[in-house]
């Protein structure tokens, strides 16, 4: 399932185009030029593969800020939890993140934003394993949709996925979404354990479990996330 934290882009179809081309300008921003019959659903995956180049070009044009202030608080709406972020410098060359009560404490070389981002991402992955994996297991048991394995990742373009081997991957960025949206994503991926495509049978299965899936799907498409800046942009 696609996430929505890719940069905005204009999709332009061209009869002359034989391959996908990316063009970035101050007036139009990111433009994706594709052949007439190109499947537009493939664009997010292609942009994710070129994300480093895109961000570098956008930053060079001054359209994104490469010096975002570190977060002072982190709120995970999915599980109703909020932490104050406390940066504590030490002589360590690395950064470790640990939650204590309502505080998320980062210790080490906290003047290094890249290391702080990496530490927070690792902490988010741990939170997702603690909170989202049991959620997935509960839904799996409740609706008789078993899976073989679950992994937690930080995908840029997908909220979740399910492989032909019934391995479900969930994105720790789900922690920033409303609980109803998270529940829908987990149901969506569990239904892929029976139907690997998005055909009629798949959507019928989804609707049996979540009758309001259409509204939730549209909300998810509009969702841009809460923290998706300092932590998630890179």
Notebook entry, point to check: Restricting the search to segment 161-204, which residues are in contact (Cβ under 8 Å) with a residue 40 or more places away in the chain, over 15 Å from residue 135 (Cβ atoms), more than 12 Å from the chain's Cα centre (by Cα) and not in a loop (DSSP other than H, G, I, E, B)?
Noted result: 191
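Residues checked against (1) touching a helix residue (DSSP H, G or I) at 6+ places or on another chain (Cβ under 6 Å); (2) exposed (fewer than 13 other Cβ atoms within 10 Å of the Cβ):
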| residue | (1), (2) |
| --- | --- |
| 91 | no, yes |
| 155 | no, no |
| 164 | no, yes |
| 175 | yes, no |
Note to self: I need every pair where a residue in segment 207-234 that is at positive phi has its Cβ under 6 Å from the Cβ of a residue that is modelled with pLDDT of 55 or more and in a loop (DSSP other than H, G, I, E, B), sequence separation at least 6 or different chains.
What the structure shows: 225/5
Check: When segment 93-116 is examined, which residues are found to be surrounded by 14 or more Cβ atoms within 10 Å (Cβ to Cβ), over 22 Å from the mean Cα position of the chain (by Cα) and farther than 28 Å from residue 178 by Cβ?
Finding: 95, 96, 107, 108, 109, 110, 112
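Go through 39, 48, 55, 86 for me and flag whichever is surrounded by 13 or more Cβ atoms within 10 Å (Cβ to Cβ) and modelled with pLDDT of 85 or more.
Values: 39 fails: surrounded by 13 or more Cβ atoms within 10 Å (Cβ to Cβ); 48 fails: modelled with pLDDT of 85 or more; 55 fails: modelled with pLDDT of 85 or more.
Being surrounded by 13 or more Cβ atoms within 10 Å (Cβ to Cβ) and modelled with pLDDT of 85 or more holds for just one of 39, 48, 55, 86, which is 86.
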Margin query: For the list (1) out of contact with any strand residue (DSSP E or B) (no Cβ under 7 Å at 6 or more places or on another chain); (2) modelled with pLDDT of 85 or more; (3) within 25 Å of residue 166 (Cα to Cα), I need the number of the one condition that residue 101 fails.
Written below: (3)
Next item on the list: Considering every residue within segment 151-160, establish whether at least one is farther than 20 Å from residue 80 by Cα, out of contact with any strand residue (DSSP E or B) (no Cβ under 7 Å at 6 or more places or on another chain) and either in the same structural domain as residue 98 (by TED's automatic domain parsing) or at pLDDT below 95 (or both).
Entry: yes
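The values are calculated or read from the model by the stated rules, or taken from the named source; none is laboratory data. Quantities reported herein were computed from a predicted structural model and do not represent experimental measurements. Positions of Cβ are generated from backbone atoms using ideal geometry, with glycine treated the same way; all protein chains shown enter the neighbour counts.
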